[in-house]
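What follows is a single structure, written as structure tokens, with notes after it.
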Amino acid sequence: MNIPQLLASGKRLFSFEFFPPKDEAASLALMETIHHLRELKPDFVSVTYGAGGSTRSKTIDLVARIKHEVGIEPVAHLTCVGHSKKEIAGILQELSQRGIETLLALRGDPPKGETAFTAHPDGFRYASELAAFIAQTGGFTFGVAGYPEKHPEAVSLEADLQNLKRKVDAGASFVTTQLFFHNGYYFDFVARARALGVTVPIIPGIMPITNFTQVQRFAKLCGAHIPDALFKELTAVQEDLDAVARIGIRHAAEQCRELLQKGAPGIHFYTLNRSHATREILASLAPFRHTPAAPLLADI
């Protein structure tokens, strides 16, 4: 079964996100991580796409290896940045030829050194346009991104939610959220999306904190807020990486348990190409691995 079929069956999905390695040493380390995480039997793994398409070939190669060598279902990220419609059509053809069936359609971030997104003259301005193009091309199922705390460039929560609906209406089968550290944002986001008519599953994205400086940078980029109590706790031990990881893993595990207890259709882990934190958290979620999602969030 593909991802939409698995979600429709009520099965909770657990998935991991990786980014393409920059060199051979990083590639070997990542494949080792992926093989370790394979033991956890993820339902799928996703692979990011560098700004401006800078990791295009690496993304395609990595998702193909994950599918054909490792035996895990991959989801390839695809962005609008730096590509014409003709180039995107070529990428879709190549992905199809490599046996890739599922995508995550994204607008993408500006290339390094640029602060604003500029569409290719013959490309797409928005993820909704890319989503519609993928749907028209055919042969793929795809998801899109959602922002529980609003996309940093959106003028309002309402405008951002309308953008999400346009992406889903274009043909998306599921939504994966940006990272967040307070579950209230997710529950509110799902309720507002359902009220607007977004009915597809919304999978929460969780990033275990293992490096305080690094996670602050990520949070700033995507507009996520670290709760005050958690921020103070981490600040007090920020020079002790082991202590930071213990706090981060504990917090992420607590988030996951509450999300699943209240009906989330699964968890998507932002792994940062490491396995330890994800393994530890997922082990604590064993009671949820084989139980169906509750109807609370699935049916709002």
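Contact map, the range 56-79: residues that are closer than 21 Å to G108 by Cβ and in contact (Cβ under 8 Å) with a residue 12 or more places away in the chain paired with residues that are polar (S, T, N, Q) and in a strand (DSSP E or B), Cβ distance under 6 Å, separation 6+ or inter-chain. Pairs shown: V75/S46; V75/T102. Annotation note: of A76, A26, the sole residue that is aliphatic (A, V, I, L, M) and either under 16 Å from the mean Cα position of the chain (by Cα) or closer than 26 Å to A132 by Cβ (or both) is A76. Got at least one residue in the range 127-138 being of a type in the set (V, I, T) and within 22 Å of A195 (Cα to Cα)? No, that holds for no residue. Might you let me know whether the range 141-148 holds any residue that is touching a residue at least 12 places away in the same chain (Cβ under 8 Å), within 24 Å of H225 (Cβ to Cβ) and among the hydroxyl-bearing types (S, T, Y)? Within the range 141-148 (the criterion being touching a residue at least 12 places away in the same chain (Cβ under 8 Å), within 24 Å of H225 (Cβ to Cβ) and among the hydroxyl-bearing types (S, T, Y)), the answer is yes, since at least one residue qualifies.
Being modelled with pLDDT of 95 or more and open to solvent by 70 Å² or more (accessible area, probe 1.4 Å) is the filter here, so list the residues in the range 242-261 that pass it. If the condition is that a residue be modelled with pLDDT of 95 or more and open to solvent by 70 Å² or more (accessible area, probe 1.4 Å), then D242, R246, R250, E254, R257 are the ones that fit.
One residue stands out in the range 178-203 among those that are part of a loop (DSSP other than H, G, I, E, B) and of a type outside the set (S, T, N, Q): the one that is surrounded by the most Cβ atoms within 10 Å (Cβ to Cβ), namely F180.
Of the residues making up the range 3-35, those that are in contact with a strand residue (DSSP E or B) (Cβ under 6 Å, 6 or more places away or on another chain) and of a type outside the set (A, V, I, L, M) number 7. Residues in the range 134-154 that are of a type outside the set (D, E, K, R), modelled with pLDDT of 95 or more and farther than 17 Å from E101 by Cβ: 4 in all. Within the range 223-236, residues that are in contact (Cβ under 8 Å) with a residue 24 or more places away in the chain reach partners that are assigned to a helix (DSSP H, G or I) and among the β-branched types (V, I, T) with beta carbons closer than 7 Å, at six or more positions or on different chains, in the pairs L234/V244; L234/I247.
The combined condition, being surrounded by fewer than 20 Cβ atoms within 10 Å (Cβ to Cβ) and either in contact with a strand residue (DSSP E or B) (Cβ under 7 Å, 6 or more places away or on another chain) or assigned to a helix (DSSP H, G or I) (or both), is not fulfilled by Q238. Please state which of the following conditions I206 fails to meet, knowing it meets all the rest: (1) over 16 Å from the mean Cα position of the chain (by Cα); (2) surrounded by 16 or more Cβ atoms within 10 Å (Cβ to Cβ); (3) hydrophobic (A, V, I, L, M, F, W, C); (4) closer than 27 Å to R166 by Cα. Among (1) over 16 Å from the mean Cα position of the chain (by Cα); (2) surrounded by 16 or more Cβ atoms within 10 Å (Cβ to Cβ); (3) hydrophobic (A, V, I, L, M, F, W, C); (4) closer than 27 Å to R166 by Cα, I206 violates only (1). Is it the case that some residue within the range 18-31 is assigned to a strand (DSSP E or B), modelled with pLDDT of 90 or more and under 30 Å from S284 (Cβ atoms)? Looking through the range 18-31, at least one residue is assigned to a strand (DSSP E or B), modelled with pLDDT of 90 or more and under 30 Å from S284 (Cβ atoms). Within the range 209-235, being of a type outside the set (D, E, K, R), closer than 19 Å to E254 by Cα, open to solvent by 70 Å² or more (accessible area, probe 1.4 Å) and in a helix (DSSP H, G or I) holds for A229, F231.
The values are calculated or read from the model by the stated rules, or taken from the named source; none is laboratory data. Fair warning: this is a prediction, and the values are worked out from it, not measured in the lab. Note that each Cβ is placed from the backbone with ideal geometry, even for glycine, and that neighbours are counted across all protein chains shown. Calculation scope for accessible area: heavy atoms of the full protein, side chains included, ligands and nucleic acids excluded. Shrake-Rupley method; radii C 1.70, N 1.55, O 1.52, S 1.80 Å.
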